[in-house]
1. Could you say which residue among R361, R335 is among the charged types (D, E, K, R), in contact (Cβ under 8 Å) with a residue 40 or more places away in the chain, buried (at least 18 other Cβ atoms within 10 Å of the Cβ) and assigned to a helix (DSSP H, G or I)?
2. Looking at I185, I165, I208, which one is at negative phi, outside the structural domain of L578 (by the TED database) and modelled with pLDDT of 90 or more?
3. What is the number of the single condition among (1) closer than 30 Å to R596 by Cβ; (2) at pLDDT below 90; (3) of a type in the set (G, A, S) that S227 does not meet?
4. Just the residues that are more than 11 Å from the chain's Cα centre (by Cα) and of a type outside the set (S, T, N, Q), please, taken from the range 552-578.
5. Conditions first: (1) in the same structural domain as E617 (by the TED database); (2) small (G, A, S); (3) under 30 Å from V460 (Cα atoms). A703 passes all but one, so which condition is the exception?
6. Go through (1) modelled with pLDDT of 90 or more; (2) open to solvent by 30 Å² or more (accessible area, probe 1.4 Å); (3) under 30 Å from V624 (Cα atoms) for W291 and report which single condition fails.
7. If you check every pair at least six apart or on different chains, which have Cβ atoms under 7 Å apart with a residue in the range 535-560 that is within 15 Å of L613 (Cα to Cα) first and a residue that is of a type in the set (S, T, Y) second?
Amino acid sequence: MGSEKEIKRKKFLDELSKKGFTIKQPFSSPHQKIEDTKLFYGVRAPQHIFWKYQCLLTNSNSRQQNSSAYHDVPVTTRIRVVHFILQNTVTSDLEKLHDLMKKKVFEAAFPLHKVMLSTQCLGGKSRRDGRGGWGGGDLRGIKGALVFLHPTNFSALQKEEIREILKKKWARWRVLFKEQPIEEIRCYFGEKVALYFAWLGWYTYLLIFAALAGLATVAAGATVFSSSQVSKEICDANNTIMCPLCDQNCSFWVLADTCTYAKVTHMIDNEATVVFAIFMAIWATVFLELWKRERANVATSWDLYGWDEEEEELALQLINNSQHEPRLYQHSYFRSTIVLILALLMIMVLIGIAHALVIYRAVAMALFTQSEVSLLSKHADIIAVMTGAVLHYITIVIMTKVNWHVALFLCDLEKPRTFSQRENNFTVKIFLFQFFTNFSSLIYIAFFLGRINGHPGHYVRIAGHWRLEECHPSGCITDLFIQMAVIMVLKQTISNIMEYLIPLISHQLRKKKKRPKKRSMMLGEEEEVEDPCKRQWLNNYELNEVNVFSLFNEYLEIVIQYSFTTIFVAAFPLAPLLALINNVIEIHMDAIKMMRLRRRMVPRKAKDIGIWLQVLEAIGILAVIGNGLVIAITSDFIPVQVYKYMYSPCMRENHTSMDCSTGYINNSLSVFHIQDFEPHTKVLPEFKGEQIKECRYRDYRNADDYTYTIQFWHIFAARLAFLILFEHVALCVKLIAAWYIPDVPQKVKNKILTEKHSNLRNEL
């Protein structure tokens with residue numbers, strides 16, 4: 001079996017040799033057994049490959065103006081070219097490197113964490129030996145691996161390693177609040193990674209303003225923490241008897257028991273919240289528009305405007321095989337229909353999981369209220385909400401892995417033409433699945449909780465037994481606040497800890513497991529000499545593996561965070577602050593992982609963040625809709641305003657000297673006669689020694705037949721009118737902001753215009 005793999009390995013390496021590649025294999029000591037050592041294949045590309053690349057992708061004007069262009073191919077480009085050729089080299093058995101790695105012919109293939117700082121990469125020029133490569137791996141009799149080999153003949157001024165610069169200025173906790181070395185990141189990891197960190201840094205910078213606005217909103221609520229008329233009425237409602245929270249052996253309770261929660265709720269549910277929601281809609285637009293300008297500056301300074309991803313892929317295919325024929329565009333309505341149906345089924349499954357969480361909350365509420373433990377029974381509503389939030393977080397962790405595999409499966413069904421097309425298709429699908437995974441439960445809490453559960457005497461029940469959960473007595477927005485706080489805190493603490501510890505522990509285990517044991521030398525034996533290349537290759541091999549989706553994971557994590565920060569931010573004004581703290585840590589944690597714990601990524605070129613920009617724009621629109629719905633439906637803002645201007649003493653009795661919200665709490669509670677309870681409901685008829693004949697509950701219903709009052713319909717109309725007005729105003733402001741801030745700065749436009757004019761003049 002081992003000989004068969006050796007034959008396959010030899011065929012692959014022979015194909016590389018035919019293309020002019022030089023294969024380097026470090027020697028091993030004759031005193032070492034082959035099973036105890038690691039043999040690496042270093043692969044170096046010939047000069048003519050990079051000449052072809054520049055000839056195909058450099059325009060004629062650039063070649064005329066810079067005759068030495070062929071000597072200045074950046075290391076990131078060399079790695080990308082060699083990686084493409086390795087991945088697309090086919091053996092006589094019609095097998096590619098991917099197939100051979102599946103069959104364990106090769107164990108790994110990766111570029112090395114070793115490159116000199118090139119002045120050409122940073123905008124100047126440098127001389128190189130014209131050689132690039134790939135190498136590294138583990139033989140052990142049947143396994144092999146490939147590693148990049150980098151050019152090494154730099155001048156004395158270029159001997160400082162760029163990796164050491166990044167370690168010093170970027171991949172360490174001491175530089176937590178310093179500017180990122182984006183140019184050096186680009187020279188080491190390529191434009192795609194550099195653009196990610198440039199975008200993340202820009203997003204983090206603008207989060208400062210959103211976090212300050214959120215803090216100001218909470219501070220505005222805190223200033224009237226105890227003076228709010230609504231909170232005062234709740235705290236003074238010692239004689240307001242509320243209906244039981246469960247059906248069996250639950251007692252009545254006093255509204256004043258929720259005094260503390262009412263004060264906390266008013267901190268996030270006040271007039272300032274409306275202003276903050278509009279501000280965040282504008283902020284999301286300004287953030288994207290300013291990023292487009294920043295990206296235009298970056299793309300111009302990196303000379304990316306004329307670069308085309310499809311053209312580069314075609315060029316690489318021709319460099320690898322001059323007889324290559326392009327794969328034409330195709331579209332299958334049958335495949336698209338199947339993918340659409342399967343995607344909808346997956347979304348229905350995710351919504352079903354949200355329903356399961358609703359059932360859990362209903363059952364947990366019933367069990368906790370009937371518990372003999374006083375702590376559980378007294379705070380059953382809060383405990384049910386918090387445990388439900390923790391369970392929601394666990395489902396997010398589990399379903400994220402499931403969503404990943406389903407999205408990949410659907411992408412394979414579509415058979416995309418190129419890798420970039422596959423990546424875009426995968427991005428849309430995984431984001432949709434993750435959105436429903438993260439937000440289905442939040443949507444239920446925000447817009448359905450407490451509105452479809454019926455009323456005392458006629459509750460809506462699950463399986464005819466457990467009644468649906470009601471909103472927290474202090475307001476429905478409290479439930480949404482708790483849910484978002486728990487999920488964001490858990491995601492940003494546990495996820496970050498695991499994201500850092502797992503690669504760290506894995507790296508340490510790989511070092512212990514993979515590194516060969518040292519053998520003691522026998523007397524009279526010659527001391528073993530190890531190839532210096534092998535030590536460097538082995539150190540890189542012991543790092544954690546990376547794949548084509550390693551950067552994608554980072555994007556997805558931040559985009560989901562951006563969704564939490566914008567869509568329901570009206571219910572959780574502290575979300576931007578939590579996101580800001582997380583991102584400051586995230587940037588340097590990602591840097592440490594990339595530089596110290598993971599193998600080097602294959603550098604990829606890009607001129608923007610791709611389809612993620614469209615995803616962010618869609619989230620911006622959802623943020624306007626979501627925050628409008630939160631204020632109109634979840635918050636008590638509209639009911640309070642309707643009461644002030646239609647039913648308060650200020651309007652009915654012309655008492656302008658008093659607070660117009662006086663009497664709101666009593667007005668917002670309906671009366672229920674306890675003789676109308678359902679037959680199976682068992683409540684204690686006495687409360688504090690008094691016989692109870694009626695209790696109160698949050699709703700706008702008549703006391704005789706429990707139908708909606710006219711005030712309910714007034715509030716309903718006001719909610720609808722506010723929602724339409726808010727969304728139209730916010731969307732108009734977004735459009736005005738998008739129009740007012742040009743996507744491309746004027747100096748960039750003028751620079752491109754001047755270059756076009758100069759090129760045409762030269763041609764003339």
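The values are calculated or read from the model by the stated rules, or taken from the named source; none is laboratory data. All values derive from a computational prediction rather than experimental measurement. Counting neighbours? That spans all protein chains shown, and the Cβs are built from the backbone with ideal geometry, glycine included. When the accessible area is computed, the model is the full protein with side chains, heavy atoms only, and any ligands, DNA or RNA have been set aside. Shrake-Rupley method; radii C 1.70, N 1.55, O 1.52, S 1.80 Å.
1. Values: R335 fails: buried (at least 18 other Cβ atoms within 10 Å of the Cβ).
So the residue among R361, R335 that is among the charged types (D, E, K, R), in contact (Cβ under 8 Å) with a residue 40 or more places away in the chain, buried (at least 18 other Cβ atoms within 10 Å of the Cβ) and assigned to a helix (DSSP H, G or I) is R361.
2. Sole residue among the options that is at negative phi, outside the structural domain of L578 (by the TED database) and modelled with pLDDT of 90 or more: I185.
3. (1)
4. I567, F568, V569, A570, A571, F572, P573, L574, A575, P576, L577, L578
5. (1)
6. Evaluating W291 over (1) modelled with pLDDT of 90 or more; (2) open to solvent by 30 Å² or more (accessible area, probe 1.4 Å); (3) under 30 Å from V624 (Cα atoms) leaves (2) as the failure.
7. Every condition considered, the pairs that remain are E554/Y196; Y555/Y196.
For (1) open to solvent by 20 Å² or more (accessible area, probe 1.4 Å); (2) more than 30 Å from C471 (Cβ to Cβ); (3) without any contact (Cβ under 8 Å) to a residue 40 or more places away in the chain; (4) of a type in the set (V, I, T), each residue gets a yes or a no:
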{"site": "L410", "(1), (2), (3), (4)": "no, yes, no, no"}
{"site": "L413", "(1), (2), (3), (4)": "yes, yes, no, no"}
{"site": "E423", "(1), (2), (3), (4)": "yes, yes, no, no"}
{"site": "V428", "(1), (2), (3), (4)": "yes, yes, no, yes"}
{"site": "F435", "(1), (2), (3), (4)": "yes, no, no, no"}
{"site": "S441", "(1), (2), (3), (4)": "no, no, no, no"}
{"site": "Y444", "(1), (2), (3), (4)": "yes, no, no, no"}
{"site": "F448", "(1), (2), (3), (4)": "yes, no, yes, no"}
{"site": "I452", "(1), (2), (3), (4)": "yes, no, yes, yes"}
